[in-house]
Amino acid sequence: MQRVSLPGLCNQQTIMMMTGGLGASSMAMPTLKPSLGNCGRFDFDGRGGIWSDYGKEKRNHLMATRTGNAKKMRLHISPLASSAIAESRNSSRANFYKEVLEAARDKFTREISFQSKDKDISLAKALLYVAAEDEAFVAFNREIDICSLHNEWRNAASSYDAQKWDTVEAMPMAGKNINEWLLELDAIAKEVEAELVSRDIGCHLVEVLEAVNKVLFESRGFKRSPVVVDSKCSYLHSVLSSGCASAILLSVIYIEVCRRLNLTIVGSRVGEEFLIWPPTGNPEELFKVTSGNSLFGVVNGKCVDDPRSKASDINSNSLLGLDIATNRDIIGIALANLIRLYWKRASRTNYGLMLTSPLRSVHKSEEKINKDSGSEMPVLRPQELRLAIMASERLLILQPHNWVLRRDYGMMLYYNREYEAAVQELSICMAFAPEEEAEVLEPFVEKLHLLRLETSWKSFGQKGQLTFP
């Protein structure tokens, strides 16, 4: 609740109350009914005038005042009032980003819906919705921080800029919206077509692949990042902007560009790698070495020549025996990479911490839940942990019966101190998990029940503690 001082009314200060921040409620004042929210048409432009409240009808209007040869009175807006207006605007923007965040999740869910045929799923659209949701979440947190700063520093200047977009598709990401990033893939495909025309050649498979490789890896300069530590390599729009990509996202770009050229590209998970190639009746031509490299090697990178990688074992014969990944599988791999990336970031200060670490220690007979249990919880970076949880939620939409994934999701909720939700998810996991795994989870779920009860107990102001026998 903030107080805005409007001096000049009968030599007294009339106090007008306004609200700010998420979830704030308005309060009517006995002397001034209008709030800042419904008097915006005056714009506080400094024109002479005061709020008046004369007569039985208590009319509220802006009236100019003059006394003799006195100068026009100017409406004085204190730094406190300016800060209050900025807070209200930032609060509105935070709410807006929250709506966009929810809309992006809904769009993603509909794109990968099991009611749709797998071949009709757009890899690019689905992954751009993933990026939009995470971008909106980060922006939402930023706006909340700005609101907090305005609460702490009343004289802070406002940097409010009106939003020029109102849908998730129009939300700018690295300078372009979702539709414009899809057009960027169209533009790459047209560059490949131009390359084929300049060569004055036909549409033989090998020639098309060579043209795609030249545009992507030479003209556009796309590169694989061997170890993904930068989140920019894990989001499609960032990869299209910077050219630095994880292996799975570079494969997605390759697949999407070739699809626009009416060329089918398939892929398969091989060890830790994801390999792609065009279905062909003559796979030997993909492995034919020219100028020191094969087409298969250029498309999939150095992993095919690395003896430490299982990809190096693939040849024209074993290629035909690989399991082809569906579009949903490919999206799932990208999401799993996001989970790993953000979990590593969240637990950076806790070297070696694993999601399942608490499951190993819960069986120690001396372990008890006491008043120090909260302090023993590892301190994780909250934004990165929430981004990992969000990626896990999306992956569970794709694989609802994957007990390992649901276990990891439940453990992340535990680390985030969402004990009730963690109990629910881990209980569901126990129904799908093998018996020996369920036996490991059962005592931990009992512990979470007690943690949840203890949290509720303390929220009511009760003293004392609950112990785990």
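The values are calculated or read from the model by the stated rules, or taken from the named source; none is laboratory data. Just so you know, these numbers come straight off a predicted model, no measurement behind them. All Cβ positions, even for glycine, are placed from backbone atoms using ideal geometry, and neighbour counts span all protein chains on display. Note: accessible area is taken over every heavy atom of the protein model, side chains too, but ligands, DNA and RNA are not part of it. Shrake-Rupley method; radii C 1.70, N 1.55, O 1.52, S 1.80 Å.
Miscellaneous remarks
- Protein heavy-atom accessible surface, 1.4 Å probe, per residue over region 258-351: 54 Å².
- Under 5 Å, built H, 5+ apart or other chain: amide partners of V266: W277
- Peptides 329-340, 121-132 ordered by average Cβ neighbours within 10 Å, highest first: 121-132, 329-340
- Rounded percent of accessible protein surface that carbon and sulfur make up, region 172-283, 1.4 Å probe: 50
- Cross-link table K98/K190; K98/K344; K98/K232; K176/K310, entries beyond 32 Å C-alpha to C-alpha: K98/K190; K176/K310
- Phi to ³J(HN,Hα) by Karplus 6.51 cos²θ - 1.76 cosθ + 1.60 over region 242-258, Hz, x for Gly, Pro: 9, x, 9, 9, 6, 4, 5, 6, 5, 5, 4, 4, 4, 4, 5, 5, 5
- Value of Rg/Rh across region 261-301 [Cα atoms, Kirkwood radius]: 0.98
- Whole-Hz ³J(HN,Hα) from phi, Karplus 6.51 cos²θ - 1.76 cosθ + 1.60, for region 381-391, glycine and proline x: 6, x, 5, 5, 5, 5, 5, 5, 5, 4, 5
- Gyration tensor verdict on region 194-240 (Cα atoms; rounded if a/c is under 1.5, prolate if a/b is larger than b/c, oblate otherwise): prolate
- Cα gyration tensor shape of region 165-286, rounded if a/c is under 1.5, else prolate or oblate by comparing a/b with b/c: oblate
- Rel. contact order, % - alpha carbon contacts under 8 angstrom, at least six apart, region 171-233: 21
- Of the peptides 180-186, 205-211, the ranking by mean beta-carbon count within 10 Å, highest at the top, reads 205-211, 180-186.
- Alpha carbon centroid spacing (whole Å) that separates region 398-420 from region 317-350: 17
- Shape call, region 267-326: gyration tensor on alpha carbons, a/c limit 1.5: oblate
- Largest accessible area first, the residues H401, H449, H204, H237 order themselves as H401, H204, H449, H237 under a 1.4 Å probe with ligands, DNA and RNA left out.
- Listed peptides 190-198, 432-440 appear in the order 190-198, 432-440 once ranked by packing, highest mean of other Cβ atoms within 10 Å at the front.
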